[in-house]
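The structure appears right after this line, and notes come after that.
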Amino acid sequence: MTSTNQAETPQALKSHRLDFLEAECQELKEQHLFQSLRVMSSAQGAKIQLDGKSVINLSSNNYLGLNTHPKLITAAKKAIDDYGVGTGSVRTIIGTMDIHQAFEKRLAQFKHTEATLVLQSGFTANNAAVTSILGEGDVVISDSLNHASIIDACRLLKKVPRYVYAHADMTELEARLKETQSARRRLVVTDGVFSMDGDIAPLPEIVALCEQYNAIVMVDDAHASGVFGKNGRGTVDHFNLHGRVDIQIGTLSKAIGALGGYVACTQAMRDIMINRARPFLFSTSAPPSVVMTCMAALDLLETDTALIDQLWYNTRYFKAGLKSIGYNVQSDSPIIPVIAGTSEKAHRLSERLFEEGVYVRSIVYPTVALDKARVRVILSATHTQTQLDQAIAAFEKVGKELDLIGP
Ligand SMILES: Cc1ncc(COP(=O)(O)O)c(C=O)c1O
């Protein structure tokens, strides 16, 4: 893999106090855990120019191809003309424009919630939500495979113990709810779609347990926004649980094609986050182009489901294709993990597929368990059937070579 090695920059000067990190990099390399960056010299799309090679892209979260949609590009350009390229401030000082307010209102209508608050990323949206509402005497109950941003948000709450239940295990969730009955408040938090395995959370069961034990429910719909539910409203809509999930996180950086995250919740929770959430208070607000790109994406989602329908068609087609050549793949979503086992084998699979003209990133420890290294396929509405067939053929050739499927 081509590395973006900047060490040879002619004018670079350095002390030697960070030299110990060279040994740490070497150690990661020996364990096959070292990641370097592949560099794209085209727009993000179904076919991309990567490290100088034209390849089919099966690794992006650009589920609907909105990042290059003409209507979104026009909206972004107009926002730059009208408002400039940046806001110059955090929201609470002078970084709230009328377009931020209008977008949040519109997003709340879309999500059928009282309010929404937009943050710089899905990562910071999780941070804002979890850290703003809990304090001493409360507990968090979290699925073992929840996203790193949820785990980190919980870690920031020094006085709030975190209880973990085995992935999607409702018996364990109930046990955690029983053992924390004396807490002042409980927050149960789950990914809506799990980012590494592509499975969907058992949200109806989680909601029923939280109602029974009076716990707050939060779902991180980073990978469900624009993908699941009517017009891409997410898992709450998919399971028809409107009004029964207290907090929904969404991203604007995956299916919506731009950048950012949001919390959909009550008006009071929005007000509290405006007053307490540190990423909101201490980091500059979304640039106008991003806000208006996202507004245009909502227009599109609300009026036309063709892209979402195509995404699901491609997902079914590709999954069936992999199964027909002998891969035992499981997933409920356009995220399809192909487990290789060791990190060395996952890297090899990814490398060989790249040589065959298909880019699928290997995912290794610590992102996934050491023995569950994989490549993670992500489908997009923009893949053509020919591209999907080519990718399946590459998976067949390389899978046989590496003994992942039978001869
Ligand atoms: C489940 C989940 N939550 C949150 C995030 C963070 O979203 P963003 O990339 O917008 O920061 C991700 C993305 O990696 C994710 O997979």
Checking the structure you have, find out if any residue of the range 330-340 is within 22 Å of HIS167 (Cβ to Cβ), in contact with a Pro (Cβ under 7 Å, 6 or more places away or on another chain) and part of a loop (DSSP other than H, G, I, E, B).
yes
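Go through the residues of the range 295-309 one by one and say whether even a single one is within 22 Å of ALA381 (Cβ to Cβ) and outside any helix (DSSP H, G or I).
Restricting attention to the range 295-309, the residues satisfying the condition of being within 22 Å of ALA381 (Cβ to Cβ) are 295-309.
Remaining after also requiring outside any helix (DSSP H, G or I): 304-305.
Yes: the range 295-309 contains one or more residues that are within 22 Å of ALA381 (Cβ to Cβ) and outside any helix (DSSP H, G or I).
Look at the range 216-234 and say how many of its residues are part of a helix (DSSP H, G or I) and within 12 Å of the ligand (Cβ to nearest atom). Spell out how you get there, then give the answer.
Just the residues of the range 216-234 that are part of a helix (DSSP H, G or I), to begin with: 230-232.
Right, trim to within 12 Å of the ligand (Cβ to nearest atom) and you get none.
Residues that pass the stated criteria total 0.
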Among the candidates THR303, THR293, THR266, THR284, which residue alone is more than 21 Å from ILE93 (Cβ to Cβ), modelled with pLDDT of 95 or more, hydroxyl-bearing (Ser, Thr, Tyr) and within 16 Å of the ligand (Cβ to nearest atom)?
THR293
For the structure I just gave you, tell me whether GLU30 is of a type in the set (Asp, Glu), in contact with a strand residue (DSSP E or B) (Cβ under 9 Å, 6 or more places away or on another chain) and more than 16 Å from the ligand (Cβ to nearest atom).
no
Could you look through the range 341-389, keep only residues that are touching a residue at least 60 places away in the same chain (Cβ under 8 Å) and among the acidic types (Asp, Glu), and pick out the one that is farthest from HIS147 (Cα to Cα)?
ASP389
Of the conditions (1) more than 16 Å from the ligand (Cβ to nearest atom); (2) touching a residue at least 40 places away in the same chain (Cβ under 8 Å); (3) in a helix (DSSP H, G or I), the single one that ASN127 does not satisfy is (1)
Kindly provide the set of residues from the range 7-54 that are surrounded by 10 or more Cβ atoms within 10 Å (Cβ to Cβ) and either touching a Gly at 6+ places or on another chain (Cβ under 6 Å) or of a type in the set (A, V, I, L, M) (or both), ordered by number.
LEU28, LEU33, LEU37, VAL39, MET40, ALA43, ALA46, ILE48, LEU50
From the list ALA115, ALA102, exactly one residue is touching a helix residue (DSSP H, G or I) at 6+ places or on another chain (Cβ under 8 Å), more than 24 Å from HIS223 (Cβ to Cβ) and away from the ligand (no atom under 16 Å from the Cβ). Which is it?
ALA102
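Residue by residue, here is whether (1) in the same structural domain as HIS242 (by TED's automatic domain parsing); (2) away from the ligand (no atom under 12 Å from the Cβ); (3) within 18 Å of ILE247 (Cβ to Cβ) holds:
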| residue | (1), (2), (3) |
| --- | --- |
| GLU174 | yes, yes, no |
| LYS178 | yes, yes, no |
| ARG185 | yes, yes, yes |
| THR190 | yes, no, yes |
| ASP197 | yes, no, no |
| PRO202 | yes, yes, yes |
| ILE206 | yes, yes, yes |
| GLU211 | yes, yes, yes |
| ASN214 | yes, yes, yes |
Kindly state which helices (runs of 4 or more DSSP H) lie completely within the range 1-112 and contain at least 1 residues that are touching a Ser or Thr at 6+ places or on another chain (Cβ under 7 Å).
70-83, 98-111
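If you check THR315 against the conditions, is it surrounded by 21 or more Cβ atoms within 10 Å (Cβ to Cβ) and within 16 Å of the ligand (Cβ to nearest atom)? Write out each step before concluding.
Details: surrounded by 21 or more Cβ atoms within 10 Å (Cβ to Cβ): yes; within 16 Å of the ligand (Cβ to nearest atom): no.
Judged against the criteria, THR315 is not a match.
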Enumeration of residues in the range 235-263 that are more than 15 Å from the ligand (Cβ to nearest atom) and assigned to a loop (DSSP other than H, G, I, E, B):
PHE239, ASN240, LEU241, HIS242, GLY243, ARG244, VAL245, ASP246
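Going by the conditions given, is GLN330 assigned by TED's automatic domain parsing to the domain that holds HIS383, among the polar types (S, T, N, Q) and under 24 Å from THR74 (Cα atoms)?
No.
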What's the number of the only condition in (1) under 25 Å from ALA222 (Cβ atoms); (2) assigned by TED's automatic domain parsing to the domain that holds SER362 that ILE73 fails to meet?
(2)
ASP152: crowded, with 22+ Cβ neighbours inside 10 Å and either in contact with a helix residue (DSSP H, G or I) (Cβ under 6 Å, 6 or more places away or on another chain) or in contact (Cβ under 8 Å) with a residue 24 or more places away in the chain (or both), yes or no?
no
(1) assigned to a helix (DSSP H, G or I); (2) within 22 Å of ASP199 (Cβ to Cβ); (3) touching a helix residue (DSSP H, G or I) at 6+ places or on another chain (Cβ under 8 Å): which one isn't true of MET292, the others all being true?
(2)
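Got a sec? Which of VAL189, VAL219, VAL193 is free of Cβ contacts under 8 Å to residues at least 40 places away in the same chain and buried (at least 24 other Cβ atoms within 10 Å of the Cβ)? Spell out the reasoning first.
On the way: VAL189 fails: free of Cβ contacts under 8 Å to residues at least 40 places away in the same chain; VAL193 fails: free of Cβ contacts under 8 Å to residues at least 40 places away in the same chain.
Checking each option against the conditions leaves just VAL219.
From the list SER89, SER54, exactly one residue is touching a strand residue (DSSP E or B) at 6+ places or on another chain (Cβ under 8 Å) and assigned by TED's automatic domain parsing to the domain that holds ALA258. Which is it?
Values: SER54 fails: assigned by TED's automatic domain parsing to the domain that holds ALA258.
So the residue among SER89, SER54 that is touching a strand residue (DSSP E or B) at 6+ places or on another chain (Cβ under 8 Å) and assigned by TED's automatic domain parsing to the domain that holds ALA258 is SER89.
The values are calculated or read from the model by the stated rules, or taken from the named source; none is laboratory data. Treat the numbers as computed from the prediction; the structure is a model and nothing was measured. Glycine gets a Cβ as well: all are built from the backbone with ideal geometry, and neighbour counts include every protein chain shown.
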